Structure formats: structure tokens, C-alpha cells
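For reference, the structure is listed below as C-alpha cells.
The values are calculated or read from the model by the stated rules, or taken from the named source; none is laboratory data. Quantities reported herein were computed from a predicted structural model and do not represent experimental measurements. Using ideal geometry, Cβ is built from the backbone for each residue, glycine included, and neighbour counts are taken over all protein chains shown. Accessible surface areas use protein heavy atoms only, side chains included; no ligands, DNA or RNA. Shrake-Rupley method; radii C 1.70, N 1.55, O 1.52, S 1.80 Å.
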Amino acid sequence: MIARVARGARWADIGGGFNLNIRIDAEPPVVLRIHRPWVTRGRVAGLRRLRERLQRTQVRVARPIQMFGSDLVRVADRWAELEEFIGHVKPPATQDSYVRLFEELGRLHAALKAVWEPSPPEPLDDHKTFGQLRYSVGFTRRRLGPRSEPVVRRMRQLTGELSELRKGVELPFAPIHGDYRLGNAVELSDGSWVTLDLDFVRVRERLYDIAGALSLMRDFPGIATSLNPGAQSGEWLDPRRLLDAYESTAPEPLTRDEHRWLPGALALIPLHWAATAGLVGNNIHEAESAMTAAEAWWSRRAELSS
């Protein structure tokens, strides 16, 4: 497939945790994306239509391109597509970059809200309910064996505490990115930003995007220090400053219940990775590391929900 698309041009693998992403140095340069095998044709086609509609907004995303006269091509058991390549750099992990990241997240939510219908089919790889989480914990216990029991007990305790808090909370649902962070939000040479990797776009609690972006700020020294006392020291970046940046561009400000649930949403993300360690073949050490991050966020719940 690369040879057919490249036609002798140079190409390079540009990374991706789930899909194969190949930059082809044609004129103009393009990206060949070969999706993971469980993604449906309807999902990929729906996301292409969404990216086309986003071209009419202030948010920049990669424009879909036809390949061999078609939107999608079947490669063995996977769907492949072509899109424009947008030259960019990953912003440095600084306070200013993270403030800009949350401003851009607010703009993205506004743009998604404006062009969402018709919505693409929901992704198959998602986690939503505490029932799914408890099943994953049980599977990981069986997969990793008796030595995982201490970390499994920690998972079950935190799952119970989070599910109790969640019962009294009503959260707004909206179209979200699903994996918003530096690297998926990148900078162009003119200073503007572009949003990449819409694979996990779907409708769910909008706070999931905000919590996800906060929880993935591992490159910032202050965040690393707050989660791991042995990490490099640095200035603490107050999450409230980032929430203010988000609200300055978002369609609506955060609700009282969203502020209340923020520490739970932050803890839930690494808790999910700990609970699914057995599903993805990780070891006990990785599950323990994820649980340490989850418990660290949860331990700061009084500060984060104020």
C-alpha cells in the first residue's frame, strides 16, 4: 500500500500508539493512515466527514484526501485513508504552553458543538461505566495472578469511593476529543495551533477531556513533583489557572458538579489504566504505578474541587 501511494517518493513512519501513520513526501506531502483492525468503516468515514465540516471553523484539523478515487481502501483486515500532512512542532512543556492548550481545548469544544451533526458512530474502544471498570479489575486479577492482589485491593477501594461520589453528580455531555494533550495539539510556524488524532472523538462528559489533559501533563516538572515526591522539583502549575483558560474560550463555563467531580475524573483515568493492565498484557509494576498516580490525584480532592 505504501508503494502504491508513494510511487517512488520517500516516506517515514511518524508514530502512533494504535494506527500506522506514514508521512509520504509527495507534492504536496500526505499522511497514509492504516487503522487498528477493530475500527469500522462507518466510524472512519464518519470522522472524515467531521473533519471536512471542521474546515469551516476556527479550529485547524487535517483535511481528508481521496486515495485511488475513494475515501477508504481496505488493507487486509484494516481500513486505510489519506489526509494532508501539516508541518508542525510539539510545543514545549511550559506554563504558557499548557495555558494555551486549555484555551485551544475550549475552542475545539465550541467547534465540535457547532458541526457535530450528523455524529459519527461511537468508537468501540471506550470506557464509561463503573461496571466495566470492575470487570477489568477482576480480569486483571485473574490474568496477573495472586501477586497482584495488593494492587487489586487498592483498585477496588478507589473504584468504590469514586462510584459513591459519582452517584450525586450530574455532568454535561458534549462532543469531545478524547485524547487531548501536547502532541495531539501542536503549533504551526505562524504561531497558530492544529488539532491532530480525532480517533477517540465521541459524545461523553466534557469533563473527561479536561481531566485527560490535566492527567497527561507528566512532562511539566511541577505536575511530576506533585505526583511523585522523587521527581524533578519545579513550580506547581495551579489547575485553576488552566480551568480559567478553558472557560475563556469554551461554549459554557464549568458547572458546580463538574468542579465537584474533577478530582474523581482525574483519578479515574490512571485507575482505568491500572484496571486494564491484564487486558493489554502489562505487568504488576505498571499497574502499581498507575494506581499511585490515581491515588495521588484523589488525595488532593479537597483542593481540586474547591
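Inspection of segment 230-247 finds no residue satisfying the criterion of being at pLDDT 95 or above and in a loop (DSSP other than H, G, I, E, B). For beta carbons closer than 8 Å, sequence separation of 6+ or different chains, a first residue in segment 1-12 that is acidic (Asp, Glu) and a second that is surrounded by fewer than 16 Cβ atoms within 10 Å (Cβ to Cβ), there are no qualifying pairs.
Residues in segment 248-291 that are surrounded by fewer than 22 Cβ atoms within 10 Å (Cβ to Cβ), at pLDDT 95 or above and small (Gly, Ala, Ser): Ser248 only. Annotation note: of Leu133, Leu171, the sole residue that is part of a helix (DSSP H, G or I) and within 24 Å of the chain's Cα centre (by Cα) is Leu133. For segment 9-25, what are the residues that are in a loop (DSSP other than H, G, I, E, B), small (Gly, Ala, Ser) and modelled with pLDDT of 90 or more? Within segment 9-25, Ala9 is the sole residue that qualifies.
Scan segment 72-94 residue by residue and report those that are more than 21 Å from Asp190 (Cβ to Cβ), modelled with pLDDT of 90 or more and open to solvent by 40 Å² or more (accessible area, probe 1.4 Å).
Arg74, Asp77, Arg78, Trp79 - these are the residues of segment 72-94 that are more than 21 Å from Asp190 (Cβ to Cβ), modelled with pLDDT of 90 or more and open to solvent by 40 Å² or more (accessible area, probe 1.4 Å).
If you scan segment 22-55, which residues turn out to be within 18 Å of Ser70 (Cβ to Cβ) and among the basic types (Lys, Arg)? Residues satisfying the conditions are Arg33, Arg41, Arg43, Arg48, Arg49, Arg51. Checking segment 139-158 against the condition returns a match, with at least one residue being open to solvent by 10 Å² or more (accessible area, probe 1.4 Å), aromatic (Phe, Trp, Tyr) and in contact (Cβ under 8 Å) with a residue 60 or more places away in the chain. For Ala224, the requirement of being modelled with pLDDT of 95 or more and open to solvent by less than 40 Å² (accessible area, probe 1.4 Å) is not met. Out of all the residues in segment 38-48, is one or more open to solvent by 80 Å² or more (accessible area, probe 1.4 Å), out of contact with any helix residue (DSSP H, G or I) (no Cβ under 9 Å at 6 or more places or on another chain) and aromatic (Phe, Trp, Tyr)? The answer is yes, given that some residue of segment 38-48 is open to solvent by 80 Å² or more (accessible area, probe 1.4 Å), out of contact with any helix residue (DSSP H, G or I) (no Cβ under 9 Å at 6 or more places or on another chain) and aromatic (Phe, Trp, Tyr). What number of residues within segment 102-127 are assigned to a loop (DSSP other than H, G, I, E, B) and within 14 Å of the chain's Cα centre (by Cα)? Within segment 102-127, residues that are assigned to a loop (DSSP other than H, G, I, E, B) and within 14 Å of the chain's Cα centre (by Cα) number 4. Taken over segment 253-306, the residue count meeting the criterion of being of a type in the set (D, E, K, R) and closer than 19 Å to Phe130 by Cα is 4.
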